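Everything on this sheet refers to the single structure shown next.
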Amino acid sequence: MARLNVAILGAGGLGKNAARMIGMKKEFRLVGICDSRGFVFERTGVDGEGVSKISEGSTVGELAFGKLSKDPIGGILKHKDEIDGIFMALPNLPNSFLPKVTRR
């Protein structure tokens, strides 16, 4: 069975825990994650346990292979052809935020 490549939009508490859980699954490979200031994308996999340990005030853009960005969601979406699924761990304030991200 082929592993599914998964990215996470959002690296707060829910996103970090999702990264850790995905990292423990043989069926999935975490290939990308972003927060409000940066993103990381790596085809061979991102360390979910390492992501879960990022301290408050830090950004995933500071991880190995990470990049600081003014459009971190766009940074992940540039790799959409290499991603099988996206977990959205984003706030919904304002109420139009999630629908706008989904349209992208």
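No lab work stands behind these numbers, since they all come straight from the coordinates. Keep in mind the model is a prediction, meaning the values are calculated, not measured. When we count neighbours, we look across all protein chains shown, and the Cβ atoms used for this are built from the backbone with ideal geometry, even at glycine.
For the reader, a short list of remarks on this structure follows.
- Converting the Cα gyration tensor eigenvalues of segment 1-90 into ellipsoid dimensions via √(5λ) gives semi-axes, longest first, of 18, 15, 11 Å.
- Derived scalar couplings ³J(HN,Hα) [segment 75-89; Karplus, 6.51 cos²θ - 1.76 cosθ + 1.60; whole Hz; x for Gly, Pro]: x, 6, 5, 4, 9, 4, 6, 9, 10, 8, x, 10, 9, 9, 10
- When the alpha-carbon atoms of segment 1-49 are used, the pair Rg, Dmax equals 10.1, 35 angstrom.
- Take 92-103, 7-18, 60-71, 30-41 and order them by the average number of nearby Cβ atoms within 10 Å per residue, most first; the result is 30-41, 7-18, 60-71, 92-103.
- For the listed residue pairs 26/70; 25/70; 67/100, the alpha carbons are over 29 angstrom apart in 26/70; 25/70.
- Computed 3J(HN,Hα) for segment 68-74, one whole-Hz value per residue from the Karplus formula 6.51 cos²θ - 1.76 cosθ + 1.60 where θ = phi - 60°, is 6, 7, 8, 9, x, 5, x, glycine and proline marked x.
- Annotation: amide H of residue 4 within the under-5 Å range of 28, 29, sequence separation 5 or more or interchain, hydrogens built in the peptide plane.
- Phi-based couplings in Hz for segment 37-48 (Karplus 6.51, -1.76, 1.60; Gly and Pro marked x): 10, x, 8, 9, 9, 8, 4, 7, x, 10, 5, x
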